[in-house]
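Everything below concerns the one structure shown next.
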Amino acid sequence: LDICEILLRLFTVLALSDSGYSCAKFKSCLFADNIKLVDKNIPIEIIKNNFNQHISRNWTEDGIKESIIEYDKNLLVFINEYIFSKSKSVIFNFAENVNIEHIMPESGRNIATIRTDGGISSKEEFNGIVNKLGNKILLEEDINKSIGRDWFKTKIQNSIKDKSGYKDSRYAIARAMTEYPTDTWTKDDIDKATNKAVERIVKFIFNVQ
């Protein structure tokens with residue numbers, strides 16, 4: 001597990017980097033530590049420390065934070081779910097049919113009203129926020145297809161058993177959303193959720209306890 005998490009931390013940085021895998025920050029580092037991994041005389045702690053030093057030497061927390069805030073793809077949604085689940089001592093085991101759920105929908109017949117209720121004044125502003133990390137979670141595929149364009153209030157009040165909400169999901173963040181203190185999901189909520197994900201992932205990458 002220690003080695004898997006070390007690799008996960010480095011490849012999370014790779015997902016945020018403009019550099020390719022073949023650059024020295026990734027490939028050369030991994031090759032060097034791979035030699036240590038097969039040497040039974042080298043403790044895991046030494047390899048972990050090497051990775052910690054390598055990450056701290058080549059990247060800064062502020063730089064990684066900026067990259068995550070601007071991130072609009074999907075790989076980090078899985079990382080965010082994994083770290084959140086671990087913090088809650090919940091087993092993280094996603095199904096093959098997992099989907100990326102947009103809490104505030106990307107589209108739909110009610111999208112104009114949903115945008116207005118969310119405090120978003122224009123389509124341009126909406127496009128800049130809807131794919132932020134804080135607006136995306138993991139969810140069962142068949143549920144996602146059923147509720148993807150529904151109102152936030154509907155999603156948090158109903159169950160996946162009826163294919164109508166987040167309750168009883170296998171994914172920890174979706175379940176946590178059902179206890180959200182309000183039944184509206186605004187741009188401020190997306191920003192807050194994004195900032196929480198940023199702090200979570202930065203601490204993971206830099207091995208901050």
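Provide the net charge surrounding Ile68, with neighbours chosen by a C-beta distance below 10 Å and charges set as Lys +1, Arg +1, Asp -1, Glu -1.
Numbers: positive: Lys65, Lys132, Arg200; negative: Glu66, Glu70, Glu199.
Once positives and negatives cancel, what remains is 0.
Take the cross-link list Lys123/Lys167; Lys86/Lys123; Lys27/Lys196; Lys48/Lys167; Lys36/Lys65; Lys167/Lys196 and give me the ones stretching past 26 Å between alpha-carbons. Intermediate values should be presented prior to the final figure.
Numbers: Lys123/Lys167 30 Å; Lys86/Lys123 36 Å; Lys27/Lys196 30 Å; Lys48/Lys167 38 Å; Lys36/Lys65 31 Å; Lys167/Lys196 22 Å.
Check vs 26 Å cut-off fails for Lys123/Lys167; Lys86/Lys123; Lys27/Lys196; Lys48/Lys167; Lys36/Lys65.
Keeping the other protein chains in place, figure out the carbon and sulfur percent of the accessible area of the stretch 65-209, with a 1.4 Å probe. Before the final figure, lay out the partial values.
Details: 3520 of 7740 Å².
Percent of accessible area from carbon and sulfur atoms in the stretch 65-209: 46.
When the helix-only estimate is applied to the chain (DSSP H runs of n ≥ 4, each -39,500 (n - 2.57), divided by the residue count), what is the mean residue ellipticity at 222 nm, nearest 500 deg cm²/dmol? Write down the numbers at each step before the final one.
Numbers: 11 runs with 114 residues, N = 209.
For the chain, the value works out to -16000 deg cm²/dmol.
Indicate the gyration tensor shape class of the stretch 103-209 (rounded, prolate or oblate), computed on the Cα atoms with a ≥ b ≥ c the square roots of the eigenvalues: a/c under 1.5 is rounded; otherwise a/b larger than b/c is prolate and the rest oblate. Write out the running numbers ahead of the final one.
Values: a/c = 1.95, a/b = 1.13, b/c = 1.73.
Oblate.
Which Rg and Dmax, in Å, describe the Cα atoms of the stretch 160-201?
Cα only, the stretch 160-201: 11.8, 34 Å (Rg, Dmax).
Over all distinct alpha-carbon pairs, what is the Kirkwood Rh of the chain in angstrom?
On the way: mean 1/r = 0.0539 Å⁻¹.
This gives a value of 18.5 Å.
Please work out the Cα center distance from the stretch 107-128 to the stretch 129-154, rounded to the nearest Å.
First find each Cα centre; the distance between them is then 15 Å.
Given 10 °C and 1.306 mPa s, compute D for the stretch 118-175 with the Stokes-Einstein relation, Rh being the Kirkwood radius over Cα pairs; round to the nearest whole µm²/s. Don't skip to the end; give the middle numbers.
Details: Rh = 12.2 Å.
Using the Kirkwood radius from Cα pairs, D works out to 130 µm²/s.
Helix by helix through the chain, keep the DSSP H runs that span 18 Å or more along the axis on Cα and average at least 0.0 on Kyte-Doolittle, and give those back in order.
Numbers: long enough: 2-16 (22 Å, 1.81); 44-58 (21 Å, -0.84); 75-87 (19 Å, 0.97); 187-205 (27 Å, -0.53).
Within the chain the helices that satisfy the rule are 2-16, 75-87.
Computed from the mean reciprocal separation of all distinct C-alpha pairs, what Kirkwood hydrodynamic radius does the stretch 37-136 have, in Å? Kindly include the intermediate steps, with their values, before the conclusion.
On the way: mean 1/r = 0.0585 Å⁻¹.
Answer for the stretch 37-136: a Kirkwood hydrodynamic radius of 17.1 Å.
Which value in nm describes the separation of the simple spin-label points at Glu106 and Leu14, placed 7 Å from the Cα toward the beta carbon?
Here the answer is 2.5 nm between the modelled labels.
Can you figure out the FRET efficiency of Arg149 with Thr116, using R₀ = 25 Å and their beta-carbon distance, to the nearest 0.05?
On the way: r = 16 Å, r/R0 = 0.62.
About 0.95, to the nearest 0.05.
If you consider only alpha-carbon coordinates, what radius of gyration and Dmax does the stretch 17-74 have, in Å?
Looking at the stretch 17-74, its Cα Rg and Dmax stand at 14.0, 43 Å.
Of Ile160, Leu133, Ile42, which is farthest along the charge dipole of the chain in the positive direction, counting Lys and Arg as +1 and Asp and Glu as -1 at C-beta?
Looking along the dipole axis, the top candidate is Ile42.
Using 7 Å Cα-to-Cβ label points, what is the Thr60/Asp188 separation (nm, one decimal)?
3.1 nm
At a 10 angstrom cut-off on C-beta neighbours, averaged per residue, how do the peptides 164-172, 46-54, 195-203 rank from highest to lowest? Could you put the intermediate results ahead of the total?
Working: 164-172: 20.4, 46-54: 15.3, 195-203: 18.7.
By packing density, highest mean first, the sequence is 164-172, 195-203, 46-54.
Mind checking which of Trp151, Trp59, Trp185 has the largest fluctuation in a GNM of the chain, springs on alpha carbons under 10 Å?
Trp59
Rolling a 1.4 Å sphere over the protein heavy atoms, what is the accessible area per residue of the chain, to the nearest Å²? Provide the component values of the computation, followed by the final result.
Details: 11630 Å² over 209 residues.
Here the per-residue accessible area is 56 Å².
Quick check for me: using +1 on Lys/Arg Cβ and -1 on Asp/Glu Cβ, what's the dipole size of the chain about its Cα centre, in debye to the nearest 20? Let's see the in-between values first.
Working: 30 positive and 30 negative charges, 51 e Å.
It comes to approximately 240 debye.
Report, ordered by chain and residue number, the lysines lying within cross-link reach of Lys161, taken as a straight Cα distance under 22 Å and ignoring same-chain residues fewer than 8 apart.
Of all the lysines, those that pass the test against Lys161 - Cα under 22 Å, at least 8 places apart if same chain - are Lys136, Lys145, Lys153.
The values are calculated or read from the model by the stated rules, or taken from the named source; none is laboratory data. Only a predicted model underlies this, so the values are computations on that prediction, with no experimental measurement involved. Glycine also receives a Cβ, built like all others from the backbone with ideal geometry; neighbour counts cover every protein chain displayed. These area figures cover heavy atoms from the full protein model, side chains too; ligands, DNA and RNA do not enter into them. Shrake-Rupley method; radii C 1.70, N 1.55, O 1.52, S 1.80 Å.
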